[in-house]
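Structure first, commentary second.
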């Protein structure tokens, strides 16, 4: 029962709990920000697991990402304030079952196999960052580049899809 | 001795310290506005207090001059928004009900302000807290809680429960006892009151029932004479009239809410709704009787009703979270309230409780970029920082773009005469005091009109002096506008400097003005050279040649309306009309700076300043008209004298002309641009007549 | 120990900024003013709008304060005088500042007022446009320092401050920083003349005091970041390191606060366009140039 | 030590389950995107856990996490673009109304 374990459990619990809140609250802004805090808790877990760079990155990226999510919720939901407690779900039983089954299956996968020896120590943060850099710009350069290109393409495509189809509308 | 708006709590040691702090740190909200206070000669910026833009941050309400009846309710709301402890300082204000009695009253002079503030400090330090602080109540604040359905606003109950139509929980909403009371310049829940005008649609749409063909709400081309399901989407077929009623609701939604942006659009839809023509989903103006392609974008034309049924719009919700605005969503929505219930429940494969968003939002107007964000009605004014005091500007915002605007004056339209007949002197006084932002000009106007009517001719010096007085007021007024514009655009140095210069100029004699001339010229140069100024104002609030406009607004677009051009007195004082081209807010700023310089020269040439004296007319009768160029434009007054008394008077003011421009200059502008556009018109709500 | 020192100096700095802001906004300079104002706020009623999202309304200012403190944590005032010297300090600064956005959205949505809500969503657009201009210049700085640690970034400027080494990045960063702290002329979220206080409009009493304090901390953090990344942190002749940090940070913060007094607020549309079209391309160019210099002439 | 791995993986599993439920049960496109985000977050947790407790000296694990983050961003961008486009045409992003997608 190490300190690390306690923190891990705490942030893990927070992440899961906020994840539940996402689909239970009626206020859409709340649900988006709940997702944000869930992601932030995950970032904190990364930090606990001594993956400093990834943790900070996760915490940083999700803040803006989920804020954008929030405004899209407000834009596209009928009742963003959640004043009238309207039900925004369908095929509830089915999805509940699927979710539970998926959960149990994954849990089995987690708990049954023998994961073999667990590493005790990790390289320091500076080292990690440096190694990651070498990895990205060395062995896995191609993958990294393709990921970058994917983002670029997605950005362009998304903009193309989203903008007003013709200029007259702007007037 | 405690102040009226004392905070609850006994006066303990710490509270004593805090009270002294409050007394030292006065944050004031000024009624009707800082600009009015300046033109009445009060130097608020120079006083030991901070003027804040929202009553929420103020602990002192300063009422300057008599409070116009139209502003009473708004004043009460504003006062209610201030956190306690809150004090009231009344300067030359008589009866300020429904506000509580002022904690300190003082005459409307600089000395009065000084002594009043000193007294106020003592009062607050002594009595900021009181064990039993009573609630403040006013008719404008009385609210009644009622429960309504976020989706079906026509459902209004007195008790909580579920909506009979969609089963949603009814949400509480506060409404005013009166239909819609005075909005303080600030949204607060008390003001979340529905606008009766908008709810009027509900009944209209519902009674459209009756018998006839059955049509699919989604696919109008599907028509059957017996009830059943639509072969295309499986929805229950609805009575034709009900589908038609969408058209009604839609038209109303437009007419009542977006006349500027969507007027034509509305017309088209109503026509289409009736005749079932084909139109382009992207270009509602494209209408054809036969299916085909859109000449503009080549899209397939669709049935008009289909366009409506696919009209975007959403976020009823936010309105329900916020509670403000959303009326047009509702009114539009009411259109299909009649059949909303059953068509929902019957779509194949959808649980009965599902609420179709298309159903909900089909009748809402389209916004300019085709993507509609929440439409919320936001009141600006009558005490909004940077907007003319007394002007209530209600903007219907689509996201932060202005979809529709409505500017009304809460202070104008008072009667020229207070009786069947008035003594000449009283009449002049009355007219001058009616226009606190430019009293000298209207005094001069009244005198001139009466002289014409009485056939008396002021001598040469009097005319020169009078012209100079009007020009002096023009300088002061333009500086006042500069100060307000500085406040509105966050150019705080300008606000402070122009305000100080205005106070120095108004009431100064020729020598005094000569000493300030250099500073004023430097100011106007610096304003025009300030960084970001061009970016802020260029191409904002463009006004075409044809739109009726008066004064600087007209001259800034190359127009030639100026009552001074024909005046021989001004001619030999070396006056010639200044004109700028462009017609945008930047041109107006520059023109006003030019006019300031011009007026400085005229005053220097005149050599004397004489506030117009009331002509002594003995029991003559006659009729006469005079025109004078006030700082805001040409005002003309017709008076009728009957043996020495004014029996009839008729006034035309420039703001009457210019206030009509608000609609056009704000349409489809981003919020900030719209507000600086309104500010650039330099309206004076006091000049608005009936 | 160093934590305590940093926090104390933070408090002092915040007060100094409050004095300066008071002058910039209301034009009178008084050393005791902010103290009285703060006391007065303590005694005022804390109004809560009806039907407001209570949770967000309360949380917004607090989160803002926390974000500011987090950002301050990685700013070195002198060798060894830093709360925590993370290996990813520069990135952590961004992460902390990102929550300014979240806090303002909460504070805007919470009180259930039109002005506040518009202000909150305005800040979303403003932030997303200008977060890029925070991250990209920092990338160039880190490239030169070959580390994300703020201490090493300062150390890397021993020969030449980054303000001379990469002036473009400096300008972009300062503009973005001012946007991030919604300082005039970029104060779209609380524009007095447009939104009557915006996100601050519905806050009163203690909550307002917290909000104002948090904003001061944010401004200090951004000034500190500017100094750390571009003005050589504690480096400087004659005076002791901490003195240099204090002087530089206060100078930067003061100029950030007072520049807005002399120009009108920028137009929102234009402001966003500037970032997306001009700013980001400049930032990319800056990164490229710095990379070339770092490779060719290592200083 | 192994217990921490288990905790982390279980958290990942939980998030996965919730995300799955959300993605399936929600009627609104944006909410569905949220569900997917949760699923991806679960993947992130597992990846980091595996890296930390099984192969800490292998930076490729971290690289993998970066890629997943990129995927999250892309997924959001494209999802929202579709939402906007769909909203423009149909006035709603309710899946119940995406009948033509049901085939």
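Read the figures in this text as sums done on the coordinates, not as results from a lab. Model, not experiment: these values are computed from the prediction. Note that we place each Cβ from the backbone using ideal geometry, even for glycine, and neighbour counts take in every protein chain shown.
Expressed as a whole number of Å, what is the distance separating the alpha-carbon centroids of the stretch B:79-106 and the stretch B:554-616?
The stretch B:554-616 and the stretch B:79-106 have Cα centres spaced 40 Å from each other.
Can you give me the angle between helix D:2-25 and the longest principal axis of chain D, using Cα atoms only, in degrees from 0 to 90, rounded to the nearest 10?
With rounding to tens, the tilt is 10 degrees.
Between the stretch C:130-147 and the stretch B:9-63, what is the C-alpha centre distance in whole Å?
The distance from the Cα centre of the stretch C:130-147 to that of the stretch B:9-63 comes to 45 Å.
Percent relative contact order of chain C, based on C-alpha pairs within less than 8 angstrom and at least six residues apart?
26 percent
Just to be sure I understand: with springs between alpha-carbon atoms less than 10 Å apart, which residue in A:71, A:101, A:42 has the highest mean-square fluctuation in the Gaussian network model of chain A?
For chain A, modelled as a Gaussian network with Cα springs under 10 Å, the answer is A:101.
How many nm separate the modelled label positions at residue B:95 and residue C:270, each set 7 Å beyond the Cα in the direction of the Cβ?
Each label point is offset 7 Å from its Cα along the Cβ direction, giving 4.9 nm.
Quick check on chain C: helices-only [θ] at 222 nm, where DSSP H runs of length 4 and up contribute -39,500 (n - 2.57) each and the sum goes over total residues. Nearest 500, please.
That calculation yields -22500 deg cm²/dmol at 222 nm.
Can you tell me the FRET efficiency between residue B:643 and residue B:433 if r is taken as the Cβ-Cβ distance and R0 is 35 Å, rounded to the nearest 0.05?
Calculated value: 0.90.
Which FRET efficiency value, to the nearest 0.05, is calculated for residue C:42 and residue B:581 with the Förster distance at 60 angstrom and r the Cβ-Cβ distance?
For residue C:42 and residue B:581, the calculated efficiency is 0.60.
Just to verify a number: FRET efficiency for residue C:54 and residue A:24, C-beta to C-beta distance, R0 = 22 Å, to 0.05?
0.80
Within 10 Å of each Cβ of B:673-681, how many other protein chain Cβ atoms are there on average? Working shown, then result.
Working: counts 5, 1, 4, 5, 0, 0, 1, 0, 0.
The shielding value for this peptide is 2.
If you average the C-alpha positions of the stretch D:40-56 and of the stretch C:214-237 separately, how far apart do those two centres end up, in angstrom?
36 Å
Arranged by the count of other C-beta atoms within 10 angstrom, fewest first, what order do C:21, B:625 take?
Taking fewest neighbouring Cβ atoms as first place, the list is B:625, C:21.
Under a plain spin-label model, where a point goes 7 Å from the Cα along Cα-to-Cβ, how far apart in nm are residue B:625 and residue A:137?
8.2 nm
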